[in-house]
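All remarks here apply to the structure that follows.
The values are calculated or read from the model by the stated rules, or taken from the named source; none is laboratory data. Worth saying up front: this structure is predicted, and the values here are computed from it rather than measured. Note that we place each Cβ from the backbone using ideal geometry, even for glycine, and neighbour counts take in every protein chain shown.
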Amino acid sequence: MSAATEETRKIALFYAIVLTGSLARGKAVEGSCIDMCVFLEKRCFDVLASTIKSRSEAYSRLGGNICFHEGEVEGGILFGDVRVDLTFTYGKFNHHSENSFDITRDEFETTIGNLFVYSVLLYEKGKQYQKLKQKYLPYHNSRLRKARLAGTRDEFNCKIWKTKWLAERGEYLASLDALLEAQRIFLQHLFIGERKYPIDYVKWVKEQCSEILRMPDLYRELTSIIGGIELTEKGITRRADKLKRLFDGCE
């Protein structure tokens, strides 16, 4: 088999490439990375996922080199002075529907949002990408949504309790950490409740409140919970109660 034929065979296993991140949304600034995701057949994905060497070879065929890696995780690819964060998927997106702790730590909704809603399709072959898109849009099924809403609600209430408990013990920094986690879970719960896919629960929050949720005042409410917080039991408890009222008002 000729080298050209071999490369053609490998490329044929890729069925879509999408541009994601700030560049896809028209929000890139100087120094922004180029974020892309390659959809490929599972057999090809398994080879790429097996070793850092195989991924390095794949990137080299595209003319890039891995910036750095730690074990099996690479931290981006350099094409000259341009950094590209390149990820691969074969279209299976894991989610949890039972354990509330797992629900609030998977990236199911943000993955769907970034790959299908807030992305730009650069290359497509066949109908696999469109079939995947139709599976999750405009939103995933009601049964899964209900389970994930219940999980985020339980975990949010747990984090509010932990925030107050730690503050009562004088563990103010740990308490603040729990409060920030509760705020992140609140956003996850809100997006699921509104049947909207998020970009991220920590970054680009102002943009998402205004442009996706259509709740421009929400960002001001969220920042007021953390802004100027007094690291005392009373100060933290007040902010936790404020966040709980905000959560209850969105139910």
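Data for the structure
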read-out: Residues within the range 226-242 that are in a helix (DSSP H, G or I), modelled with pLDDT of 95 or more and either touching a helix residue (DSSP H, G or I) at 6+ places or on another chain (Cβ under 7 Å) or surrounded by 12 or more Cβ atoms within 10 Å (Cβ to Cβ) (or both), tallied; value: 9
read-out: Hits in the range 138-154 - residues which are loosely packed, with under 13 Cβ neighbours inside 10 Å and of a type outside the set (Ser, Thr, Tyr); value: PRO138, ASN141, ARG143, LYS146
read-out: Filtered residue count, the range 96-120, keeping only those that are in contact with a Gly (Cβ under 9 Å, 6 or more places away or on another chain) and outside any helix (DSSP H, G or I); value: 7
read-out: Residue pairs meeting the criteria (Cβ under 9 Å; at least 6 apart or on separate chains; first assigned by TED's automatic domain parsing to the domain that holds ARG245 and farther than 21 Å from ILE160 by Cβ, in the range 207-227; second among the small types (Gly, Ala, Ser) and surrounded by fewer than 16 Cβ atoms within 10 Å (Cβ to Cβ)); value: PRO216/SER210
read-out: Condition check for THR163: under 23 Å from TYR118 (Cβ atoms), of a type in the set (S, T, N, Q), outside the structural domain of SER32 (by TED's automatic domain parsing) and buried (at least 16 other Cβ atoms within 10 Å of the Cβ); value: no
